[in-house]
Amino acid sequence: MSQEFIIIGKVVSTQGNKGEVNVLPLTDSTERFKKLATVFLKNNRGKTITNIEKIRIQKNMVILKLKDIENIEEAKTIVGSFLEVKRKDAVKLPKDTYFIFEIIGLEVYTEDNLFLGKVENVINTGSNDIYIVKDINNKELFIPAIREVVKNVNLEKKRITINIVDGLI
């Protein structure tokens, strides 16, 4: 379940008239942008690597000035693009934590080996993630990603094992 690139942000609008763009971070920390020298821009025209000239962070938005984007008209052409980094350059995660893309698609089983469905999405509630699992009847189950419930995540086997606690399903 390995991806070569990881999406870290999306260009949502232009900023000023000198070619800067506003980037919505799709990562837990905006600080990770400060360490970037290059980024991959992916859109419907393909993927290109570009150098970063300047980075500013304002509240929850990242403002980037990319090399070769000199004015607002050029900046408009990349609005909607995703910013990616190579997987090997991704932030290192602590033990027992995973990227969302690694969790989506995993099959979920109880400790008694009863198949519950596949993870369709992950919602971050602030205190913990919630795995949205769809069963074979398209019914959604909401599984809190806490140690009491999630007992094992095996990326190689594409499988999550959970403990059914009272009131969970």
Which ³J(HN,Hα) values, rounded to whole Hz and listed in residue order, are derived for the range 15-26 from phi using the Karplus coefficients 6.51, -1.76 and 1.60 in 6.51 cos²θ - 1.76 cosθ + 1.60 with θ = phi - 60°, glycine and proline given as x? 9, x, 10, 10, x, 7, 10, 8, 10, 7, x, 10
Would you kindly state the longest site-free stretch of the chain, with sites defined as GluC sites (Glu not before Pro) in a DSSP loop (not H, G, I, E, B) surrounded by at most 12 other Cβ atoms within 10 Å? 5-69
Between Lys34, Lys95, Lys67, find the one with the highest GNM mean-square fluctuation for the chain; connect C-alpha pairs within less than 10 Å. Lys95
Karplus-derived 3J(HN,Hα) from phi for the range 116-122 (6.51 cos²θ - 1.76 cosθ + 1.60, θ = phi - 60°), whole Hz, x at Gly and Pro, runs 9, x, 10, 6, 9, 7, 10
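First measure r as the distance between the Cβ atoms of Asp89 and Leu155, then evaluate 1/(1 + (r/R0)^6) with R0 = 22 Å and state the FRET efficiency to the nearest 0.05. Provide the component values of the computation, followed by the final result.
Values: r = 19 Å, r/R0 = 0.88.
Once rounded, the FRET efficiency stands at 0.70.
Using alpha-carbon pairs under 8 Å, 6+ residues apart, how would you state the relative contact order of the range 100-162 in percent? Intermediate values should be presented prior to the final figure.
Working: 122 pairs, mean separation 19.0, N = 63.
Reported relative contact order: 30 percent.
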Just to be sure I understand the model, the point goes 7 Å from the Cα along the line to the Cβ. What's the resulting Lys76 to Lys139 distance in nm? 5.1 nm
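Indicate the gyration tensor shape class of the range 100-162 (rounded, prolate or oblate), computed on the Cα atoms with a ≥ b ≥ c the square roots of the eigenvalues: a/c under 1.5 is rounded; otherwise a/b larger than b/c is prolate and the rest oblate.
Rounded, because the longest to shortest axis ratio a/c is under 1.5.
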Most exposed first, judged by fewest Cβ atoms within 10 angstrom, Tyr131, Tyr98 run Tyr98, Tyr131
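Is the chain rounded, prolate or oblate when judged by the Cα gyration tensor, a ≥ b ≥ c being the square roots of its eigenvalues, rounded requiring a/c under 1.5 and prolate requiring a/b larger than b/c? Present the calculation step by step, with values, prior to reporting the outcome.
Numbers: a/c = 2.56, a/b = 2.55, b/c = 1.01.
Prolate.
Can you say what percent of the DSSP beta bridges in the range 100-162, counting only those with both residues inside, are antiparallel? Round to 5. Each step should come with its number before you reach the end.
Numbers: 18 of 22 bridges.
Beta bridges within the range 100-162, antiparallel portion: roughly 80 percent.
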GNM top mover of Leu36, Leu93, Leu66 - the chain, alpha-carbon springs below 10 Å: Leu93
How far is the Cα center of the range 28-67 from the Cα center of the range 90-154, in Å? 29 Å
Once the other residues with Cβ under 11 Å from the Cβ of Ala37 are scored (Lys, Arg +1; Asp, Glu -1), what is the net sum? +1
Which residue fluctuates most in the GNM of the chain (Cα springs below 10 Å): Gly19, Gly126, Gly80? Gly126
Estimated distance in nm for a label pair at Glu31 and Ile164, the labels positioned 7 Å out from Cα along Cα-to-Cβ: 4.2 nm
When only Cα pairs under 8 Å and 6 or more residues apart are kept, what is the percent relative contact order across the chain? 19 percent
Phi-derived 3J(HN,Hα) across the range 129-137 with the Karplus relation (6.51, -1.76, 1.60, θ = phi - 60°), rounded Hz, x for Gly and Pro, is 7, 10, 8, 8, 10, 9, 8, 5, 9
Shape verdict for the range 5-89, please, from the Cα gyration tensor: rounded (a/c under 1.5), prolate (a/b greater than b/c) or oblate. oblate
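Quick note: the coordinates plus some simple rules give every number you see, no bench work behind them. Just so it is clear, the structure is predicted and the values come from calculations on it, not from any experiment. Positions of Cβ are backbone-derived with ideal geometry, glycine not excepted, and every protein chain shown enters the neighbour counts.
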